[in-house]
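The values are calculated or read from the model by the stated rules, or taken from the named source; none is laboratory data. For clarity, every value in this text was computed on a predicted model and none was experimentally measured. Counting neighbours? That spans all protein chains shown, and the Cβs are built from the backbone with ideal geometry, glycine included. Note: accessible area is taken over every heavy atom of the protein model, side chains too, but ligands, DNA and RNA are not part of it. Shrake-Rupley method; radii C 1.70, N 1.55, O 1.52, S 1.80 Å.
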Amino acid sequence: MTRSDNRIDRTFARLRERGEKALIPYVMLGDPDLTTTEEWARAAVSAGADLLEIGIPFSDPLADGPVLQRSAERALTQKVRLADAITLVRRLRATVQIPLLFMTYYNLVFQYGDERLARDAAAAGVDGLIVPDLPPEEAGALESATRADGLHLIYLIAPTTPSARIKFIAQRGGGFLYYVSLTGITGAKLPALDQVEQGVARIRRATDLPVAVGFGVSTPEEAGRIAGVADGVIVASALIKRLQAQPDARRRREELMTYLASLKAALSPSQVSVAGGSAGGSE
């Protein structure tokens with residue numbers, strides 16, 4: 001696969017033509033087990049996900065809040081590995097066409113090997129990697145490996161990132177830029193919309209790459225308002241929290257589909273066009 005064939009680029013281009021915004025949910029590999037992860041991934045696609053993040057559990061997830069930390073802890077008891085994520089994507093690719101992303105930490109990538117991971121992930125059908133603890137200054141090996149195999153390395157940008165550094169990061173990354181809506185961890189309270197809007201506007205002045213907003217998005221109302229200024233909305237902690245709150249494990253798939261469908265509806269052009277006001281809700 002070459003970068004020109006990357007599903008992330010094609011998806012954002014298609015959505016832009018339609019006036020739509022991307023819904024990007026997150027599932028944790030191995031929480032509660034690999035079979036359920038695959039079931040939830042397929043359900044997310046059926047519910048309208050435009051891209052899907054697959055989290056690879058790690059013992060020291062510095063960017064993750066308590067909901068994702070506990071999810072990773074449960075997954076680690078299943079002894080899942082990066083190789084299991086690649087196998088999962090290979091199975092999903094038999095029927096799933098949307099872009100699939102790995103979100104993990106560099107220790108796992110380093111242990112697996114930059115070139116080996118890029119090669120195996122691309123061959124399985126992965127389209128991009130998100131590695132929150134890998135700054136671009138230290139990402140040369142992984143950037144080269146992912147570029148060679150047609151994958152995008154997607155970088156995070158925080159509200160505190162200076163404008164000059166935003167431009168530098170945008171030149172190093174691809175696919176889209178992941179705007180962290182707050183200076184904190186996943187699942188924290190979403191800041192006011194005008195703050196998010198200002199952050200996205202600073203990114204847009206530096207690059208033409210799509211911008212997706214994550215960290216703190218929870219409700220359809222928040223998703224619709226964020227979509228008024230961004231190209232996509234990433235939902236992780238709020239989704240995992242809802243699934244864990246459902247006491248009947250057999251109904252969690254239904255809960256996932258209902259919730260994601262409500263978010264997807266909020267991202268439709270008619271809903272986004274009326275978005276406004278101040279987003280100040282919490283998870």
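Residues that are out of contact with any Gly (no Cβ under 8 Å at 6 or more places or on another chain) and either without any contact (Cβ under 8 Å) to a residue 12 or more places away in the chain or outside any helix (DSSP H, G or I) (or both) within segment 97-110 comprise 97, 98, 105, 110, listed in sequence order. The listed residues are 9, 50, and the only one of them that is within 26 Å of residue 264 (Cβ to Cβ), assigned to a loop (DSSP other than H, G, I, E, B) and either open to solvent by less than 70 Å² (accessible area, probe 1.4 Å) or in contact (Cβ under 8 Å) with a residue 12 or more places away in the chain (or both) turns out to be 50.
Yes/no matrix, rows are residues, columns are (1) out of contact with any Leu (no Cβ under 8 Å at 6 or more places or on another chain); (2) among the basic types (Lys, Arg):
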site	(1), (2)
42	no, yes
54	no, no
63	no, no
72	yes, no
75	no, no
80	no, no
83	yes, no
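When residue 160 is tested against (1) within 19 Å of residue 229 (Cα to Cα); (2) buried (at least 19 other Cβ atoms within 10 Å of the Cβ), just one condition goes unmet, and that condition is (2).
Restricting 91, 70 to residues that are basic (Lys, Arg), in a helix (DSSP H, G or I) and at pLDDT 95 or above narrows the list to 91.
Go through 172, 205 for me and flag whichever is more than 25 Å from residue 5 (Cα to Cα), at pLDDT 90 or above, of a type in the set (Lys, Arg) and over 17 Å from the mean Cα position of the chain (by Cα).
Values: 172 fails: more than 25 Å from residue 5 (Cα to Cα).
Answer to the selection: 205.
Criterion applied to 177, 153, 129 was being farther than 25 Å from residue 91 by Cβ, open to solvent by less than 10 Å² (accessible area, probe 1.4 Å) and within 15 Å of the chain's Cα centre (by Cα), and the one residue passing it is 177. Just to be sure, is residue 89 closer than 23 Å to residue 178 by Cα and open to solvent by less than 10 Å² (accessible area, probe 1.4 Å)? In short, yes. Only residues that are open to solvent by 10 Å² or more (accessible area, probe 1.4 Å), over 19 Å from residue 54 (Cβ atoms) and of a type outside the set (A, V, I, L, M) were counted in segment 220-254, giving 11. Among the residues of segment 111-118, is there at least one that is touching a residue at least 12 places away in the same chain (Cβ under 8 Å) and touching an Asp or Glu at 6+ places or on another chain (Cβ under 6 Å)? Yes: one or more hits. Listed by first and then second residue, the pairs with beta-carbon distance under 7 Å, at least 6 apart or on different chains, first residue in segment 196-219 and open to solvent by 10 Å² or more (accessible area, probe 1.4 Å), second modelled with pLDDT under 95 and of a type in the set (Val, Ile, Thr), are 197/229; 215/180; 215/186.
Checking each residue in segment 22-45 for being more than 16 Å from residue 130 (Cα to Cα), open to solvent by less than 40 Å² (accessible area, probe 1.4 Å) and not β-branched (Val, Ile, Thr) picks out 22, 23, 30, 31, 38, 40, 41, 43, 44.
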